[in-house]
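Please treat every number below as a calculation from the coordinates, not as lab data. The shown structure was predicted, so the numbers you read here are calculated from the model rather than taken from an experiment. When we count neighbours, we look across all protein chains shown, and the Cβ atoms used for this are built from the backbone with ideal geometry, even at glycine.
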Amino acid sequence: MRLFTLCALVMVLTACSGKPAGENGTDKGGGRKKGPPPVTVTVAPAAERPLAQTVRAYAEIEARDTPQVAAEVGGRVLSVEVQAGQSVRAGQVLARLDAATLSDTRVAAEAEVARLVALLADQTAKTRRDEALRAQGFVSEAAVTSSRAQQAALEKQLAAAQATAASRRRDTARATVVAPVSGVIETREVQPGDVVSTGRVLFRLQGAGARRARIAVGGSAADRLAPGMTVVLGEDGAQVRTRLEEVRATLDTASRARIAYASLPAGFALAGTTLPAEVRLAERTGLAIPALAVVERPAGRVVYLARGERVEERKVSTGLESDGYVEILAGLKAGERVVVDGAGFLSPSSRIRLVAPPGGKPGRKGASAPQEARA
């Protein structure tokens, strides 16, 4: 009886531990499957698309017009009418210099003009009398010639005196310093009571008109910069597209980078703002596949083509990399389907199981098309 109970217990345990056919690596016939399980992958076709080789940098936005307002005459500063950061309009008074000495020289110059005007009037009358007397034979031709010469000399002296007086009047007016353009006072370099000389910088302005982007690029990419290259400024969703209009021939002494400028429309951004910039060094249309499909192997760069439940390894030559895609120069034809997700886990003998790719394209998500800049 005890033996019967023991046998029954063994049979129950054996029944509970049994598993359906095909599990634990066996097929329904009891045989074991050969090789590892299939790799879950997505595929994408090789297709023509626009590509660009880019270099990333930062752009500082600055006003196209950035005049330095300097003293055009020397003198003591009587008053300063504006502060740094203040908006001004063209012709607005910025500062006033002491014009007393300038006024004195203007008055003296105008007095000299009046004196010469009077002398010339007398000499002109004398010349006419001499000409009349010469016609009557009372004076010689030499006397008439002398009168005419004195009149001509006085006319030249009067012209010089009038030019000097006009210059003195302009100097007096220049004692009132005005804004050459509308904009914002960036810095104020002078205080009331300062004695300034001609040429001393008093204010620095940021013009209110068009803007431009100052872009510094270092390394080997700096030597490839050229006017006309496309530049994309800003973050995703708020971008502007423009072009390089100027590339400096020499490197910046401080940063050892090459400086380039791109035009921007008026009011695009405040002067002094810094934005990310992407300069497109090369642009073309070519055969491309998602960058995830290209795998580095000891033999070089390869891709895996979907062949039913198997894959074919193919060596490729690549070119530009742009926006999550890689240009294929050799090794693939348009329309051939390559494994994207899961490619890095494959080998020439791998089995695959296809699934639908996720929505969207490789690369940055949520990117919107940049606007075109119009200066």
For this session: For E283 paired with R56, estimate the spin-label separation in nm (one decimal), with each label point 7 Å from Cα along the Cα-to-Cβ line.
Result: 2.0 nm
Exercise. Mind checking which aspartates and glutamates have their C-alpha under 17 Å from K315, skipping anything on the same chain fewer than 8 residues away?
Worked result: E296, E327, E336
Exercise. How about K333: which aspartates and glutamates have a C-alpha closer than 13 Å to its C-alpha, ignoring those fewer than 8 places off in the same chain?
Worked result: E48
For this session: Kindly state, to the nearest 0.05, the FRET efficiency for R204 paired with R169, given R0 = 35 Å and r defined as their beta-carbon distance.
Result: 0.80
Problem set entry | Where only C-alpha atoms are counted, convex hull volume of the stretch 175-244 per residue in Å³ | 187 Å³
For this session: Restricting things to alpha carbons, tell me how big the stretch 154-297 is in terms of Rg and Dmax, in Å.
Result: 25.0, 97
